[in-house]
Structures are given as structure tokens and as C-alpha cells.
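To start, the structure itself, in C-alpha cells.
Derivation of every value follows stated rules applied to the coordinates shown; laboratory data play no part. Computed from a predicted model, the values in this text were never measured in an experiment.
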Amino acid sequence: MAKILVVDDSPTLLAGTTKILEAAGHRVVPAVSGEEGIAKSIIEKPDLIVMDVVMPGISGFQATRQITTNPDTKDIPVIMLTTKDQETDKVWAKRQGASDYVVKPPEKAELLSKIDALLN
């Protein structure tokens, strides 16, 4: 179905998200840092990005801002997937260009419905 870039520094959460997405027929491109996520968004041109927030180096907020302001990647929707569940975090994510926001651990149905809404 879609090529989805998943950016998360946690091997466990990266594997869990990958499992959900691949079971739904999507192809996953993994990245383990904000910097790698930015680079792969340019190289891979994914249909959608699932982005963690708290990572060493560039945060998911910073990576999302760079991706959504780059002319080559600005049209790629980004879903923040994070443990940060405060309303201020959700507002900040939108200001950085995120299309949606899901709190970890993701509910399979919620994550897939948000992805489907953004891809269709």
C-alpha cells in the first residue's frame, strides 16, 4: 500500500510500530534518529512519516519542522507518535507541521485509521 518512514530511537517501539504497519500491508522504512529521519525523508520520499518526539540529537519536533518546511518534503504528512500526552505538546506538534498526533503505545486501530485518513 504506502511507503511509511518510521522514526523512533527505541528498537522495541520501532519494531512494534513496524509490525502494525506491515500487517496492514504498508512498507516500512526505519530510522533511529531525527537526523536519519530527515535524510531518509529526502531520499526515500515516503507517503507518510510516523515520528517519535523524544530522541537524542534532533527531537521529533525539530525534525518535523525541517521536513515540513523543506520544499522537497513539505507535502509528506507527519504523525507524531510519542509518550508526550499534554495538550501543549499536541499544539506544538501542529505548529511544527505535524498532521496528527498519537500517544504511545499506539492503539492499532487508531494509528491505522489516522494513516488511512491522511493517505486518502
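Antiparallel as a % of all DSSP beta bridges within the chain, to the nearest 5? In the chain, DSSP labels about 0 percent of beta bridges as antiparallel. Measuring nothing but alpha carbons in the chain and taking Rh as the Kirkwood radius, the Rg to Rh ratio lands at 0.91.
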